[in-house]
Every structure is written in C-alpha cells, then in structure tokens.
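Data first, discussion second: the structure below is written as structure tokens.
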Amino acid sequence: MQEDWASSIDLHLDFHPVAGRRYGLEHALRVAIQAGRLAAGVRLPSTRALAAELGLARNTVSAAYDQLTAEGYLLSRQGARTEVADLADLADDAARGQVTGARNAAGAAADDLVALSHDLRPGYETMPRHDLRPGSPDNSHFPIGPWLRASRRALAKAPAEAFGYGDPRGRIELRTALAEYLGRTRGVVATPEQIIITSGSLQALGILAQVLSSAGASGSAGTAISGGTATGAVAMEDPGMQLHQEAVRLAGQAVVPLPVDGDGARVDLLAGTGARAVVLTPAHQYPTGVVLHPARRHSLTDWARATGGLIIEDDYDGEFRYDRQPVGAIQGIAPDHVAYLGTASKTLGPALRLAWMVLPPCLVRPAADAKRRLDHQTESLGQLTLAELIASYDYDRHIRASRLRYRGRRDLLITRLQPRVGRPLPGYALQGIAAGLHALISLPEEGPSEHDVITRAAARGLALEGLAEHWHDSGEPRRATGIMIGYGACGDGAYRAALEVLIGVLSWP
C-alpha cells in the first residue's frame, strides 16, 4: 500500500464530501475537467492511491471513475491507467458549452502570452516564416548527447552540498574549469576566486552597475575600483544594446553615449564624458560588428590606469572568429582594470541562463554580496554539467563545429550579396564579417531606408532588424543605416531560403 501510494500521481481537487463522498468526488473531478485544470490525456491516480490520499473507500473512487467514464469525461482501458477524455467528443450540449467557455478563456490567456512575446521582440503579429534577426545561436544544434553525458558524470560525483544553498560566486567546479578555459582560449588572466557565475550576462551587467552605484553613494567610487579618482556616469557604445542601457539605468547609473566608427568605440572621447566606467563589446561590436582597433585598445587601458576607471568587457560572441585567430580579451592586458563578461547563451543556448564575470580582486566581494542579495546563487546542476563539458573538451569541439557552421553561413551571405549579371545589388556593403553571429548590411544613401527594407521583408514573411532601435537618441537623424543579419535564428536549410527572400527585398526597384 505504501509503495503504491509513493509511486502514484499527484492530483489537486477541490473536494468537499459533505453532500456525499462519491458525489463530492465526481463533482470535483467534473469541475476540474470542465475548467481545463485537468487536460485531455492527463493520467489519473490509481483508485487505490486516490482512495488512500482522500481517506475514501476504494469502491467509492472506482464508482466515481465509472460514472465519469460513462458520461464521457474519462477514458478507461483494460490494463491502462484511467485518463481524461477529449471533451470535444462529448454529446452533452451543456457540457460542451462549458468546455467552450473554458477553452475561450484559455485561448485568451494564450493570446496574452503571445502578445507578451511580441512585446519582447516587436514587429510581427505571427511567427515569421523566415528569421534573420541577430542575437540567437542555432538552437537546433544544441549538443544534446555531450550535455547528457556530462550531466550524468556531474550528478554521479556531485557532493550532497551541491544540492543546497552555496557560494553566491557559483560552483567551484565551474569556476575552476572556466579559469583554465578562458585563459587558454581568450587570453583572460583569472583565478577561480575572481569568477562569479550569473544567470545571464544581463544580470552580470546589472550587478556591476549596482556595485558602482553603491560605491558612488559611499563616496568611494574610485577606490572601490582600483584606487583612482574616476567619478560620474557609465559610458556605453552608440549604437549599442538598448537592454544593456536599461539595466545600467535601473541600477541608478547615468548613461552617456560613446560614438562608434569604423575602428570601434571612440575611446579618445572618454576623458570628456566624466565616466568612471565604460561598457564595450570590443571583439565584435554590437550592433555594427566592427572590432576595436589595437591602438584604441591601448588608449582604453591607459585611460583606465590614469583615472581608476573600470572597463566592462562584454565578450558575448568572442569565440567565433572566421578569418584568423580570435582577438584576445582586453582583460588579458589590464586584468586589474577590466571586468570581463562571458556567456554560454551564444555558444550553447540562452535557455541555460549561464554567464560569468571575471573581476579585479577589489570588486569580487561587493559583486558577490550583490549577487547574494539578488537571487543568492545561479542554479547548480547546469553549472556542474557545463564544468564537465569544458573539462572533457566537448565544449571546445562543439564551438569549433559551430564556428565552421556559422562561417559557412557568413560565406553564403557574402556570395549572395555580390553583384550578379543581370541583377546587381549596388550600394550595399557588408561589415562585421570577420567574427560573431551577425553581420551588418549598410544601406546606400540613395535608398531604400531601414523602415522600407524591414516593412517589405515583413510582407514576405522575413523578420529583420535594423540599426535604428540601437541608437541612444532614437529621434536624432542618423546617416548610418543598416540591416543586421543573424546567422543563428534559422536552421541550415531555412537560412538559405531566408537569404533568397532577403535578396529579393534588397533588389526591389
């Protein structure tokens, strides 16, 4: 009996046996099914287990199941568990009307959720047939097999304390694996003690902005970073990621724009901004795709050393370099002045919610305290699995395979945009093609506009994203216009089809 109860299925019912136990059970099950809380195909507990759960005789539960089976609410087959029937097959008009009402309510709720998803990625009332928007890897190539094997190994040797509350900096296994991996592949100088695991890079940026705000409120902004005297706002690339700007502002920091040109962010303008920190994407600027020029990298570190300023280096897709060896992280040349941010969202998938910060020693304690106050810690099982994936070199193998795949898509984009006999595409230029998960198509000054291209593409079922939404002042006229082309949102076959639609849109007379 105890074994049967323990292996059964949980079932919540609004059960009131006052008017009769069998009637009360029938009514509770009927209402739950009509309201949609018990959906078609859901298995019910055995009569023995439910009787024990509710303190009823087993015959009472059997009789209630039989009655609801006769009414068409349940399906019962020999040798199989009783399950909820599809109410669309009910002949009872009243019951059918109740079901329709429940489904209408469920449909309205589903519409609300769809509307929310469109709020997050606006511009399309339905899912587009083709999607070339940036920001996502190709999730169809998630390494399921290696991840499962790494998870089994991680769980088999995980200590009991791994399943409880732990260090807000994250699991030591992952921090140790990342210290080795980042040093080997990105030139980052780090010990496990300097690394904090976060639930995404956006959270990491928010934590650092909180630390800067706290330091400023206490009058110790400079010393909190590196003993310097920098004060003021946070400089952020223009154009840049709007979501990142919002995260910094929510932490109480003012944001000042730092213009971007063909050599990356204009770091020579930092001294005039009064900023005490700057957020950069130097390996592949988002959204333009340009790489920060080597001379500017050195000027940037000179600024940080002279002012005590903090460089926040967002290395969101630094692993993906196609034409030569990846550009090393700036952190490697100024580890005491750089907070390095990395993420698994672009290499594996954003659903994992795993990212990391490598911090100057003076920032580790305040950042760990901020992480503890925020959500105490990032979930541990994914951390342990990623640590195993890195230690087995399956993570390297996956990235190398992904790099080859995205390079092929990059090359196909270049080929398709080249002028062709009888149908040239003059005036368009590609930039940001040396690295990353997206490139930028610069639009000719004589037209068409970003809005025209995106609207025409949407009419053909193609989702695109332009530069307009990434400028700090979206209302200010800009000469630089362009369309960002992501390599990851489509699967292999769908990407080629999406490019054909894109060429048609750009070839519009």
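Quick note: the coordinates plus some simple rules give every number you see, no bench work behind them. All values derive from a computational prediction rather than experimental measurement. Counting neighbours? That spans all protein chains shown, and the Cβs are built from the backbone with ideal geometry, glycine included.
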Extension gain, GLU500 back to ILE144 (0.36 nm per residue minus Cα-Cα distance, nm): 125.1 nm
In sequence order, calculated HN-Hα J values of the range 242-258 (Karplus, 6.51, -1.76, 1.60; Hz; x Gly/Pro): 4, 4, 5, 4, 5, 4, 5, 5, 4, 7, x, 9, 6, 10, 10, x, 10
Two-site label geometry, ALA160 and THR176: point separation in nm, points 7 Å out along Cα→Cβ: 2.1 nm
Per-residue ³J(HN,Hα) for the range 286-291, Karplus 6.51 cos²θ - 1.76 cosθ + 1.60, θ = phi - 60°, Hz, x for Gly and Pro: 9, x, 6, x, 6, 9
Neighbour-count order for TRP356, TRP147, fewest beta carbons within 10 angstrom listed first: TRP147, TRP356
Nonlocal amide H pairs with ASP238, under 5 Å, H built at 1.01 Å: LEU258, VAL260
Selected from LEU182, ALA271, PRO282, residue furthest toward positive end of dipole (the range 170-378; charges at beta carbon): LEU182
Least to most buried among MET241, MET357 (fewest other Cβ within 10 Å first): MET241, MET357
Label-point separation, TYR23 to GLU379 (7 Å along Cα→Cβ), nm: 4.6 nm
Order of HIS141, HIS451, HIS130 - criterion: other Cβ atoms within 10 Å of each residue's Cβ, fewest first: HIS451, HIS141, HIS130
Dipole-positive endmost among GLN34, ALA70, ASN59 within the range 2-89 (Cβ charges, Cα centre): ASN59
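Full extension from ALA80 to ARG58: what is 0.36 nm times the residue separation minus their Cα-Cα distance, to one decimal in nm?
Working: separation 22, 0.36 × 22 = 7.92 nm, distance 1.75 nm.
So the chain would gain 6.2 nm between ALA80 and ARG58.
For ARG353 and ASP492, what is the calculated FRET efficiency with R₀ set at 22 Å and r taken between the beta-carbons, to the nearest 0.05?
So, using R0 = 22 Å, E works out to roughly 0.25.
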Inter-site label distance for MET127 and TYR393 at 7 Å from Cα along Cβ, in nm: 3.8 nm
Compactness of the range 2-89 - radius of gyration and Dmax, Cα, Å: 12.1, 37
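Given charges of +1 on the Cβ of Lys and Arg and -1 on the Cβ of Asp and Glu, with all other atoms neutral, how large is the dipole of the range 170-378 about its Cα centre, in debye to the nearest 20? Walk me through the numbers before you get to the answer.
Numbers: 18 positive and 19 negative charges, 84 e Å.
Once rounded to the nearest 20, the dipole reads 400 debye.
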Unit charges at the beta carbon, dipole of the range 357-476: most positive-side option, ALA463, GLN377, GLN418: GLN418
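Please give the direction-averaged projected area of the C-alpha convex hull for the range 170-378, in square nanometres with one decimal. Show your work: numbers first, answer last.
Numbers: hull surface 41.3 nm².
The number I arrive at for the range 170-378 is 10.3 nm².
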